[in-house]
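Please read the structure below before turning to the comments.
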Amino acid sequence: MLRNLTYKDNPEESHQFLGRIISALIIILLLTAGLIVRLVYLQVAGHQHYATLAKENSIKIEPTVPSRGVIYDNRGKILAENIQTHTLELIPEQISDLDDTLLKLKTLLDIPDEKIEQFQKLRKRQKHFMSIPLLTNMTDEEMAKFAVVRPFYHGTDVQIRQSRNYPYGELAAHVVGYVGRINEEDMKELPLAEYRGSTFIGKLGIESAYESVLHGTTGYSEIEVNVQGRPLKTLKEVDPIAGANLYLSLDMELQKTAYDALEKYNGAVVAIEIETGGVLTFVSRPGFDPNPFVVGISNSAYQALNASPDQPLFNRALRGLYPPGSTIKPFMALAGLEYDAVGVRQQLFCPGYYQLPNDSHHYRDWRKGGHGSVNVSEGITQSCDVYFYRLASILGIDRIHSFLQQFGFGEKTGIDLMGEKSGLLPSRGWKMAKKGQAWFPGETVITGIGQGFHQVTPLQLAKATATLANNGKVVTPYLVDKLVAESARSPSASIPKSTIALKSANIKTIIAAMVNVVHSNRGTARSIGLDINYQIAGKTGTAQVINIKQNASYNEHQIDFKQRDHALFISFAPADNPKIAVAVIAENGGHGGSVAAPIAAKVIKQYLRDKQTAQP
Amino acid sequence: MNIESRREQFHTPTLTERILGKLHIDIPLFIILLLISLLSFVILYSAGSQEVGLLVRQAFRVGLAYLLMTVLAHISPYQFKRYSALLFGIGIALLVAVLIMGHIGKGAQRWLDLGVFRFQPSEMIKITTPMMIAWYLADHALPIKPQQLLISGVLILIPTLLIAKQPDLGTAILVASSGMAVLFFAGLSWRFILAIIASLSALAPVVWHYFLHDYQRARIITLLDPEADPLGKGYHIIQSKIAIGSGGIYGKGWLGSKQSELEFLPESSTDFIFAVFAEEFGLFGCLGLIALYLLVIGRCLYIASQAQDTYSRLLAGSLAFTFFVYVFVNIGMVIGVLPVVGVPLPMVSYGGTSVVTLLAGFGILMSIHTHKKLITH
């Protein structure tokens, strides 16, 4: 103790500290000496060796870019391919008056200012003797025009370069995606060594999700270069390994049918092969042409796409969130039967509206006079709202939530694309966490008819429908069927298969009711089932876009069309042995039965016809 | 002691001395630092493809850093001591914030965007960690006791792990060594130091397997065998050695670096600028630069030895030693004896953050040296 007291802030302490200062100095000098020894080793002893490496014959390592994997549909049609494009390139060093040359070429080939600017930007980053692209994807006409004057343009030539092409354009853009030039953002996360020399990287869709397998492995060659960095000869070559080819489950003919069937409506059509989960159509309309993105889309074109009220860049099938509307009713009815909340024959009375006890609010049915007494089958077939208001109230939100969750509502489907939305399946917990409010009984009532907080993506709806058709065996949608690589690898198979415990009698009741939606004369989609020798099971839906308050005034001209309800339809066929499940959403389509159902029918009919002809 | 000599001790300061006293600038340190900064611009001009814009940007940052140094030199060490714990706490909180934001965004995150400029909390913690440890130890009697050692160890480990998690191994090493330097100057027994070194080397395999990122492991492997991956990680070291070795004894002369000009050498104006310097100015140039660094360190250690209270001593000693670690880690990595950890060459590499932190440290050292209350013995 005494020692401590005398030790603080006194000569003894500073003496000891001085000792440490000297020790530190010795350590520092020793370590520095180590550095100097190494420097002497490199700069004196190793000087000859390194000077030879550096001086006359430097060895430069040039990456050899692997060819990117090709993407096919399930019939082997090419969705994304590598093409060779003709590019007008200039070598600044060989051109005496660059500005003059650029001006002449500009008038000759009608090159837009934007491309000249891009060229100037690239030029600053490159060496003088390197070839810099001015005009990519040259047309035959441009090449012919240039060929005539070529002798007068020293240092300017047409080069053949690798590029990517999407033959189906807007039809498959939301599935296949596109590649684009590697930018600084990409650089941060890339394995840089692998991408030295690569120009493109997947930015969206399959191109992005499967980037690592599509890209392949970069090879390299050791090239001797002279003091200016000009290549002299190749010393060693390691070949690149091409990227894997991908075969999608997508059927482009079906995709086109679905896309065209949407006609004037924005929306989405997702069809799933029930047995495998392979996605047959993945339509988001409008699409966009991915090809301009490969070479770098012009700012004006991009702005136009972005500003379009139809939002062509928006992947509705994957990311669009819609209230499920009446398409939720089969699931809700199944929940009622499974929990014994209602009996199969039990009738509920529909006077045209529903009231909660002690509440004057009328929850209205779409049919003003009501449906009278209806059982569960009739409730689905006629889409009786009051039946489901009541059923939902009996079930309560907790049971609704836990039952619907099993079908994948409120969760990502796990499809092999990035950026999927998980939608929203409301619950008490969710509402407390997000809004800090308790759950109100009225919210349960409207959840019964797929309104309120519940939001689904078209993909989710298709998955849930396929799972229902599959007797509760959960169907997980995927796009890439097969991966063909130099080093053979099969796709990440073994998707865990889970099954929802459901009574088969209950499922049969629901499916029978959904068949009646299409095939009975009171069904809401009866027009589509007339010309076929099998049965389609379906359910129509309309989803309110905005709740309009009674006293609210609004600008009617602008929002008239946009205020119309979304038309929905879920379906699968054949009802007795389901092969395909389809979900359709036609934005502002009005009624599910008249707009969305025929679209689904076209897809189903074509698919089953093709399947029949394929197996005579 | 006669009156004459007493008068000598209390002699009235001359005008220059009074002006210097007001400025709180330590002239020898200031001159050496200016020399290094000057050298930095000379080599940056060459390494940065002779781009003037780059120099202007850097000059602006360096100017700001010197301004900060002067401001800090005016604050009394007592104030630094007083706010040590608070500043350390703020630094840790910001590190945690950055880590959380990194989780929300994707991948590595080191920055906090303040709108006007981006702030890197790990830079601030480089100074506040030794401040914290010095503050903690200054209120206890020295030499350091086991319990204090344990607490100090935890205090060092918190920021180190937070930064290593970012992941920024280079800065983590600097922060850890700045804290440990305080312990060293606080008189940690040699036996203990040897024990720590022994246990650290025993821990190395554990760190290797559980704490290092793949890319960090790859860099160490690359150091041992650069030729194994010439396209990627080995490239830096191979090219850097070629540049340095080809410089020879006298160098290729200013603007004579072929390796960086031909873009063989990556990061030639930032982390690998020493290679360009070595190529252009040769062994003699390197020795000169190292001599300047040693002068800085020597002066700082002198300032530490003249400090009059425990807090100032420990902090000054640590700042001096950490500056050396900075130099050693960078040059060591460029000449291929240490793994590539991403530490810039202090006062020379292009970039603003590190120079601001370094000069802030020197500002504190100057404050310690120019705010003495007691009479020297």
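Cross-link partners of A:Lys508 among aspartates and glutamates, defined as those whose alpha carbon lies under 16 angstrom from its own and excluding same-chain residues fewer than eight positions apart: A:Glu338, A:Asp340, A:Glu378, A:Asp576. Note on surface exposure: B:Val348, B:Val71 rank B:Val71, B:Val348 by accessible area, highest first, 1.4 Å probe. Accessible surface calculations at 1.4 Å, restricted to protein heavy atoms, place segment B:26-370 at 40 Å² per residue. Partner aspartates and glutamates whose Cα lies under 12 Å from the Cα of A:Lys434, excluding those fewer than 8 positions away in the same chain, are not found.
Work out the charge dipole of chain A with +1 on the Cβ of Lys and Arg and -1 on the Cβ of Asp and Glu about the Cα centre, then indicate which of A:Gln612, A:Val342, A:Val294 is farthest towards its positive end. Working it through, the farthest residue towards the positive pole turns out to be A:Val342.
Heavy-atom surface analysis with a 1.4 Å probe gives segment A:66-248 a carbon and sulfur content of 50 percent of its accessible area.
The local environment of A:Ala464, defined by Cβ-Cβ distances under 14 Å, has a net charge of +4 under the rule Lys, Arg +1 and Asp, Glu -1. With contributions of -39500 (n - 2.57) from each DSSP H run of at least four residues, the per-residue ellipticity at 222 nm computed over chain A stands at -11000 deg cm²/dmol. Below 11 angstrom from the Cβ of A:Leu109, what's the summed charge of the other residues (Lys, Arg +1; Asp, Glu -1)? After counting each charged neighbour, the total is +1. Among A:Gly472, A:Gly538, A:Leu108, flag the residue with its Cα farthest along the positive direction of the charge dipole of the protein assembly as shown, charges on Cβ as +1 for Lys/Arg and -1 for Asp/Glu. The listed residue farthest towards the positive side: A:Gly472. Mean per-residue shielding of peptide B:71-84 is 0, counting Cβ atoms of other chains within 10 Å of each Cβ. So for segment B:26-370, taking the charge dipole from beta-carbon charges (+1 Lys/Arg, -1 Asp/Glu), which of B:Leu319, B:Ala164, B:Ala85 sits furthest toward the positive end? In segment B:26-370, that residue is B:Ala85. If R0 is taken as 56 Å, the Cβ-Cβ distance between B:Arg57 and A:Thr52 corresponds to a FRET efficiency of 0.90. With each label modelled as a point 7 angstrom along the Cα→C-beta vector, the A:Asp610-A:Lys503 pair spans 4.0 nm.
Computed about the Cα centre, the dipole magnitude for segment A:25-88 is approximately 80 debye when only Lys and Arg (+1) and Asp and Glu (-1) carry charge, each at its Cβ.
Could you put A:Arg181, B:Arg313, B:Arg191 in order of accessible surface area, largest first, with the 1.4 Å probe and the full protein assembly present?
Numbers: A:Arg181 105, B:Arg313 20, B:Arg191 200 Å².
Largest accessible area first, the residues go B:Arg191, A:Arg181, B:Arg313.
With all protein chains present and a 1.4 Å probe, how do B:Ile27, B:Ile297 order by accessible area, largest first?
Working: B:Ile27 60, B:Ile297 5 Å².
Largest to smallest exposure gives the sequence B:Ile27, B:Ile297.
Above 41 Å, the calculated P(r) of the protein assembly as shown contains 57 percent of its Cα-Cα pairs.
For segment A:66-248, a/c is not less than 1.5, where a ≥ b ≥ c are the root eigenvalues of the C-alpha gyration tensor, and a/b does not top b/c. That puts it in the oblate class. With the Cα gyration tensor of segment B:25-92 giving a ≥ b ≥ c as the square roots of its eigenvalues, does the rule (a/c under 1.5 for rounded; else a/b larger than b/c for prolate; else oblate) give rounded, prolate or oblate? Taking the square roots of the gyration eigenvalues as a ≥ b ≥ c, segment B:25-92 is prolate.
Give, as ranges by residue number, the residues of segment B:160-198 whose backbone N falls under 16 Å from the point 7 Å along Cα→Cβ of B:Lys145. What the label zone holds, given the 16 Å backbone N cut-off, is B:187-189. Averaged over peptide B:314-321, the number of partner chain Cβ atoms lying within 10 Å of each residue's Cβ comes to 2.
About its Cα centre, the dipole of the protein assembly as shown is roughly 2340 debye, where the only charges are +1 on Lys and Arg Cβ and -1 on Asp and Glu Cβ. Summing charges over all other residues whose Cβ lies under 13 Å from the Cβ of A:Tyr534, with Lys and Arg as +1 and Asp and Glu as -1, gives +2.
Take the accessible area of A alone and of B alone, subtract that of the pair with a 1.4 Å probe, and the total buried over both chains is about 4700 Å². Once the 1.4 Å probe is applied to the protein heavy atoms, chain A comes out at 48 Å² accessible per residue. Ordering A:585-596, A:232-243 by mean Cβ neighbour count within 10 Å, with the highest value first, yields A:585-596, A:232-243.
The values are calculated or read from the model by the stated rules, or taken from the named source; none is laboratory data. None of these values were measured; they are calculated from a predicted model. Note: ideal-geometry Cβ built from the backbone for every residue, glycine included; neighbour counts use all protein chains shown. Ligands, DNA and RNA are excluded from the accessible area calculation, which covers all protein heavy atoms including side chains. Shrake-Rupley method; radii C 1.70, N 1.55, O 1.52, S 1.80 Å.
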